[in-house]
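**Q** Take this structure first; my questions come after.
Bear in mind these aren't lab numbers, they're just calculated from the coordinates by the rules spelled out. What you are looking at is a predicted structure, and each value in this text was computed from that prediction instead of being measured. So basically every Cβ, Gly included, is an ideal-geometry build from the backbone, and we count neighbours across all protein chains shown.
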Amino acid sequence: MGNRITVTINGTAREAEVEPRLLLVHFIREVLGMTGTHIGCDTTNCGACTVLLDGRAVKSCTVFAVQADGRTVLTVEGLARDGELHPIQEAFREQHGLQCGFCTPGMMMTAYALLQRLPNPTEEQIRWGISGNLCRCTGYVNIVAAIKDAAEKLRASPARAGGKG
Amino acid sequence: MIPASFEYFSPRTVPDAVNLLVRYGQEAKLLAGGHSLVPLMKLRLAAPRYVVDLNRIAGLSYIREGDGALCIGALTRHGEIETSDLIRARYPLLADAARVISDPLVRNMGTIGGSLAHADPAGDWGAAMLAGGAEVVATGPGGPRTISIDRFFEGTFVTALRPDEILTEVRLPQAVKGQGGAYLKLERKVGDFAIAAVGVGLVLDGGTCARVGIGLCNVGPTSLRAEKAARSLIGRKPDDAAVARAAETAAAECDPADDLRGPADYKRDVVRVLTARALRLAVQRARGGA
Amino acid sequence: MKVEGTYTFAASRQKIWALLNDPGVLARVTPGVTALTPQGPDTYKATLELAVGPVKGAYDGKVSITDKTPPERMILQVEGGGKPGTIRATGELHLDEQDGRTVVRYSGDAQITGLIASVGHRLIGGVARQLADQFFKGVEKELRPR
């Protein structure tokens, strides 16, 4: 006996019957098969599960899938368009903003929302903005550099800003 | 990791939500931002049989000033308060508090109403509202009633809300000339609960303190008011001596526990230092600076 | 962790001692207790359902009263657990009579493990005192005529 929900994820409407207790992150990973969104803790701390829900960056491990009924979700799989990497993805690659890559999808989704709100962020604003996303590898230096670089790329080519949906 | 099963409701109006509480009583929990409830449910420390999601109710998220009051809808997210131009310009106590609650992702979901109703002694809004002299509006089957924040926190996780009531609004006195406020938090790392935090709200009139509120976070079984410390400043000039005395008094008024965030006497001293700093900052802002 | 506090009753030490040793009273006033069964001299089996806000848990435990010096002192050993965690605690109660009033001083040392210890550690002290307060308020109600 489930609840029928419709979630528009990366631009596509997806329908499913779910238990109310199904977490959004599990819905994304296991029902929809999109495993780019990661689970890094069990305590709402690490932010590896960050997705955009109606344009807001949230920890999808702490939201129920039923809460996303009728709403839009953007995950890391929705960043690239037509086979071309999003400027944020390019920047993370070029600036070596990742090592193991586990925190990276969450970092990039947070960056996506951050840069929408602050197109020309200072270093302090970036550091403050990603303070909900933990990285155990990089020491954050190159992550900050990547986001700064992404900001520059987006200001230069605003048409590349959107993801899928 | 996986919450226990529950039945989920998503009412569209406050009366519908209240009726669900009336029907299911203590077996139901309200879901606002969910960032206190869902972590507890994932650990199965909380396992309500019914969850009533408030997020589809329109008209519970707003920041309005007028008629002598600042009114904030209970479903307003911490992040919305943090970035509100009105709050930043005129209510520094709230602006300061909003930005140190957990982390930016949590602030996108967590709500001021949920935070107050959850009544975690480590919740920043509790101490800030005590400092600001707030009142909350609780809506039950009989309609709304107002509860002074001074009478709101009854115990750890226990408030004056009845089981069939929903906190729908938070109100503060409208900012007046000579008003200042500040909220300072010491935390081990960004996103953590406070080792201790202090909120101050005051109004200066002709150089002396006409109104003072001091709220303390995570140094007692509930959010605390440093009543004696606040009273010691009424009618006085907030000079160094008066501020130091109030800070010492506030430290004596709190009741911290030894835990992983530090021993009790350390936390007491953090309260003393933060109270002094918050008072000085609030006074500076009241005089038109900072 | 250590928990301590005091509670003052407007009654004689004899009266309070009697109440604290009455299993019927304990079954009525212990917060959350759903069953309290004597298991032998000064030993009880207890089941509790404690709710602290949204956190509800069911616990099974054993309480033994050792070292009784009526009417002034007793030591309690508590052992129990449930899904949220386990507890082993030793508590000492001192009863002092002054002008017809009894001051009960309690001090306890508890080892708590499990989920409530790791996740709820910062709250345990406050909650323990809250529960102790509830317990003694319950004892106080027993003083009034029914």
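**Q** Set Lys and Arg Cβ to +1 and Asp and Glu Cβ to -1, take the dipole of segment B:199-268 about its Cα centre, and tell me which of B:Leu216, B:Ala242, B:Ala257 lies farthest positive.
**A** After comparing all options, I get B:Ala242.
**Q** Given an 8 Å cut-off on Cα distances and at least 6 residues of separation, report the relative contact order of chain B as a percent.
**A** Rounded, it is 16 percent for chain B.
**Q** Still on this structure: From the helices alone, meaning DSSP H stretches of at least four residues, give me the mean residue ellipticity at 222 nm for chain C, per-run term -39500 (n - 2.57), in deg cm²/dmol to the nearest 500.
**A** That calculation yields -10000 deg cm²/dmol at 222 nm.
**Q** Report, as an integer, the average count of C-beta atoms from other chains found within 10 Å of each Cβ along B:254-260.
**A** The per-residue average across the peptide is 4.
**Q** With Cβ to Cβ distances under 14 Å as the rule, what net charge do the other residues near A:Leu52 carry (K, R +1; D, E -1)?
**A** +3
**Q** Would you work out which of C:Ser107, C:Leu93, C:Pro23 lies farthest towards the positive end of the dipole of chain C? Charges go on Cβ: Lys and Arg +1, Asp and Glu -1.
**A** C:Pro23
**Q** Using unit Cβ charges (K, R positive; D, E negative) and no other charged atoms, how large, in debye to the nearest 20, is the dipole of the protein assembly as shown about its Cα centre?
**A** So the dipole magnitude of the protein assembly as shown works out to roughly 600 debye.
**Q** Among A:92-100, B:91-99, how do they line up from the highest to the lowest mean number of other beta-carbon atoms within 10 Å?
**A** Packing order, densest peptide first, comes out as B:91-99, A:92-100.
**Q** Provide the packing ranking of B:79-88, A:144-153, i.e. peptides ordered by the mean count of other C-beta atoms within 10 Å per residue, highest first.
**A** Averaged packing, sorted descending, gives the order A:144-153, B:79-88.
**Q** For labels at C:His94 and B:Tyr266 in the simple 7 Å Cα→Cβ model, what's the distance in nm?
**A** Going from the C:His94 label point to the B:Tyr266 one covers 2.9 nm.
**Q** What lysines does B:Lys189 reach when the alpha-carbon gap must be under 23 Å and sequence neighbours fewer than 8 apart in one chain are set aside?
**A** Of all the lysines, those that pass the test against B:Lys189 - Cα under 23 Å, at least 8 places apart if same chain - are A:Lys59, B:Lys267.
**Q** Just checking the output field for A:66-73: average partner chain Cβ neighbours within 10 Å of each residue's Cβ?
**A** 3
**Q** Suppose only helical runs count, i.e. DSSP H with n ≥ 4. What mean residue ellipticity at 222 nm does that imply for chain B under -39500 (n - 2.57) per run, divided by all residues and rounded to the nearest 500 deg cm²/dmol?
**A** Per the formula, -9500 deg cm²/dmol.
**Q** Also: Sum up the charges of everything whose Cβ sits under 13 Å from the Cβ of B:Thr156, counting Lys and Arg as +1 and Asp and Glu as -1, but leave B:Thr156 out.
**A** Counting the neighbours of B:Thr156, the net charge comes to -2.
**Q** Next question, about the same structure. Based on alpha-carbon centroids, what's the gap between segment A:86-152 and segment B:4-44 in Å, whole number please?
**A** Rounded to whole Å, the Cα centres lie 35 Å apart.
**Q** Ranked highest first by the average count of other Cβ atoms within 10 Å around their residues, in what order do B:121-131, C:71-81 fall?
**A** For the peptides B:121-131, C:71-81, the packing ranking is B:121-131, C:71-81.
**Q** If amide H atoms are built 1.01 Å from N in the plane of the peptide, which residues on other chains or at least 5 residues away come under 5 Å of the amide H of B:Ile195?
**A** B:Leu186, B:Glu187, B:Arg188
**Q** Using 0.36 nm per residue of separation minus the Cα-Cα distance, give me the extension gain between C:Glu4 and C:Gln134 in nm, one decimal.
**A** Computed gain between C:Glu4 and C:Gln134 is 45.4 nm.
**Q** Give me the inter-chain shielding for C:49-58: mean count of other chain Cβ atoms within 10 Å, whole number please.
**A** 5
**Q** Suppose only helical runs count, i.e. DSSP H with n ≥ 4. What mean residue ellipticity at 222 nm does that imply for chain A under -39500 (n - 2.57) per run, divided by all residues and rounded to the nearest 500 deg cm²/dmol?
**A** Value at 222 nm, helices only, nearest 500: -8500 deg cm²/dmol.
**Q** Hey, what did chain C get for relative contact order, percent, Cα under 8 Å, at least 6 apart?
**A** Reported relative contact order: 28 percent.
**Q** For chain A, what does the alpha-carbon gyration tensor say about shape, rounded, prolate or oblate, given a ≥ b ≥ c as the root eigenvalues, a/c under 1.5 as rounded, and a/b over b/c as prolate?
**A** prolate
**Q** Here is a follow-up. Could you give the dipole magnitude of segment A:39-123 about its Cα centre, charging the beta-carbon of Lys and Arg +1 and that of Asp and Glu -1, in debye to the nearest 20?
**A** Approximately 220 debye in magnitude.
**Q** Of the options B:Gly191, B:Val270, B:Gly207, report the single residue whose Cα projects farthest towards the positive end of the charge dipole of segment B:179-286 (beta-carbon charges: Lys, Arg +1; Asp, Glu -1).
**A** Ranked along the dipole, the leading option is B:Gly207.
**Q** Let me have the relative contact order for segment B:7-53, percent, based on Cα pairs under 8 Å that are six or more residues apart.
**A** 58 percent
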